[in-house]
Amino acid sequence: MKAIEANFDGLVGPTHNYAGLSAGNIASTEHKRQASNPRQAALQGLAKMKALHDMGFVQGVLPPQARPDIDTLRRLGFAGTDARVLEAVARQAPELLSACCSASSMWTANAATVSASFDTQDGKVHFTPANLVSKFHRSIEHKSTARILKAVFNDGQYFQHHPALPGTGVLGDEGAANHTRLCSNYHQPAISFFVFGRYGLDETRPVPGRYPARQTLEASRAVARQHRLKDEAVVYAQQNPDVIDSGVFHNDVIAVGNQHLLLCHEKAFLEQAEVYKTLQKATAGQLQIVEVPESRIRVETAVQTYLFNSQLLSRDDGKMIMVVPSECENNPTVSNYLSELVNTDNPIDQIMAFDLRQSMNNGGGPACLRLRVVLNEQELQAVNPHCLITDSLYSQLTQWVESHYRDQLKESDLADPKLLTESREALDQLTQILGHWFRLFLSEKINTQRSFSYCNPEAL
């Protein structure tokens, strides 16, 4: 049965700002408190989506979540009108305001883990939203993420949705950023490669010393069980603690895989030679591993340019396109390596660079912005068509961004009640663009004055 891999990119939200909320994410902390450009950020993301659509790839879009998150602030004890809540939290706990204004749901690689129907024992596509408990600003996303995914993948005949894992550090789950599907072709059963940063229940195991490891082995195993993956079709590997301390907070900052190719840094995994042996055994020797040596590209350079936070896209001719951020093109060392890569014996024969500077400054590259979903023909037909990029939808979303997004956003703007109103009005309009299913699943009652509930998980 024919199958494709669709990419569902997160649409950058109106409150995109640089709050520096993610310790361990060097770009995020380096740009803390700088002015951001939400309009440019959203347009950059849309430009990438449109370019891949124009090349014939199936490209979807996932809406942003409602921010500022007034509901969460109320749960934390702030009361009164929405304007009074914003004023009080800005005065008493500005770090909470920053967290509840974060547009981090744009990085849908962390939204969920997805297993293809070719791999699951019940023959359905399985989704588990990531609990993201390692960071407060992301831990408040998963209920809305679940609702969004159900709005996009709504047919129970094909899609199985699970709740996020319990919100405890032992089960810290960061989603698809630490999961890679390895196969000969998309329509064939695959090996699920789960990468974790630490053992949640075994303190004797190696851990990084500077930055926290976010994904646990226990979480990866739980997701594999929920998705009904066969034990023999799953491989687990631990990230190298040293590279986590160098800013590799997810596996997709140091490795990227697609079909029968794994491109990774030589320091990506703990006991890397054994990981290779296990993967080759699981894939019956069909996996091609391209290892980038430290002598060619240092870990710090990989983190700075997000070389491995790239997308590998398979063309019909069996070759692959590698989508990288423009930082790779602008770095002579990385640019030279990529020029050599396309001329060596591997499936990659084309490099495409995109300007995603607004996202990159906040710590997310091309791979962070997309959730990969393998679908057969019937499953693709069952996807909510309103979220699939077309020329018309791209035009509508571009006009929507131009109309509703600010050109610049500073930290002091987050407490502005007008920003809350603007964001609500923007998302209200977005539900009209994305259609019936989004209005049904994302909002019980759309009202841009007081009871606006876009993506409010408590609304239904």
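The values are calculated or read from the model by the stated rules, or taken from the named source; none is laboratory data. Quick caveat, the model's predicted, so the values are computed rather than measured. Cβ: placed from backbone, ideal geometry, glycine included. Neighbour counts: every protein chain shown. Areas reflect the complete protein model, heavy atoms only, side chains present, ligands, DNA and RNA absent. Shrake-Rupley method; radii C 1.70, N 1.55, O 1.52, S 1.80 Å.
Conditions tested, residue by residue: (1) among the charged types (D, E, K, R); (2) out of contact with any Gly (no Cβ under 7 Å at 6 or more places or on another chain); (3) farther than 25 Å from G20 by Cβ.
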residue: E95; (1), (2), (3): yes, yes, no
residue: F118; (1), (2), (3): no, yes, yes
residue: G123; (1), (2), (3): no, yes, yes
residue: V133; (1), (2), (3): no, no, no
residue: R138; (1), (2), (3): yes, yes, no
residue: H142; (1), (2), (3): no, yes, no
residue: A151; (1), (2), (3): no, yes, yes
residue: T168; (1), (2), (3): no, yes, yes
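Say we look at region 401-411 and pick out the residues that are assigned to a helix (DSSP H, G or I), open to solvent by 10 Å² or more (accessible area, probe 1.4 Å) and modelled with pLDDT of 95 or more; which of these is nearest to G56 (Cα to Cα)?
E402
Can you name the condition, by its number, that A27 falls short on among (1) of a type in the set (A, V, I, L, M, F, W, C); (2) in a helix (DSSP H, G or I); (3) touching a residue at least 60 places away in the same chain (Cβ under 8 Å); (4) under 18 Å from C100 (Cα atoms)?
The one condition A27 does not meet is (4).
Considering only residues of region 295-317 that are open to solvent by 40 Å² or more (accessible area, probe 1.4 Å) and over 22 Å from the mean Cα position of the chain (by Cα), which is nearest to G363 (Cα to Cα)?
Among those that are open to solvent by 40 Å² or more (accessible area, probe 1.4 Å) and over 22 Å from the mean Cα position of the chain (by Cα), it is R298.
Restricting to region 121-149, count the residues that are open to solvent by 20 Å² or more (accessible area, probe 1.4 Å) and within 16 Å of V374 (Cα to Cα).
The qualifying residues number 4.
Condition check: over 30 Å from H137 (Cα atoms) and crowded, with 23+ Cβ neighbours inside 10 Å. Does L263 satisfy that?
yes
Residue-wise test of (1) surrounded by fewer than 20 Cβ atoms within 10 Å (Cβ to Cβ); (2) part of a loop (DSSP other than H, G, I, E, B).
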{"position": "G20", "(1), (2)": "yes, yes"}
{"position": "A51", "(1), (2)": "yes, no"}
{"position": "V61", "(1), (2)": "no, no"}
{"position": "P68", "(1), (2)": "no, yes"}
{"position": "L73", "(1), (2)": "no, no"}
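Being β-branched (V, I, T), part of a strand (DSSP E or B) and closer than 30 Å to R33 by Cα is the requirement here; does V324 meet it? Break it down into steps so the answer makes sense when it comes.
Details: β-branched (V, I, T): yes; part of a strand (DSSP E or B): yes; closer than 30 Å to R33 by Cα: yes.
It is true that V324 is β-branched (V, I, T), part of a strand (DSSP E or B) and closer than 30 Å to R33 by Cα.
Can you name the residue in region 324-362 that is under 23 Å from Q59 (Cβ atoms) and touching a Ser or Thr at 6+ places or on another chain (Cβ under 6 Å) and is also most open to solvent (accessible area, probe 1.4 Å) among such residues?
Ranking the candidates gives E329 first.
R228 is checked against (1) crowded, with 20+ Cβ neighbours inside 10 Å; (2) over 22 Å from E300 (Cβ atoms); (3) in contact with an Asp or Glu (Cβ under 8 Å, 6 or more places away or on another chain); (4) not hydroxyl-bearing (S, T, Y) and fails just one. What number does that condition carry?
Exception for R228: condition (1).
Here are some residues: V243, V248, V253. Which one is more than 20 Å from C183 (Cα to Cα) and touching a His at 6+ places or on another chain (Cβ under 8 Å)?
Criteria check complete, one pass: V243.
Free of Cβ contacts under 8 Å to residues at least 60 places away in the same chain, surrounded by fewer than 17 Cβ atoms within 10 Å (Cβ to Cβ) and under 19 Å from T128 (Cα atoms) - does that describe any residue in region 169-178?
Yes, region 169-178 contains at least one residue that is free of Cβ contacts under 8 Å to residues at least 60 places away in the same chain, surrounded by fewer than 17 Cβ atoms within 10 Å (Cβ to Cβ) and under 19 Å from T128 (Cα atoms).
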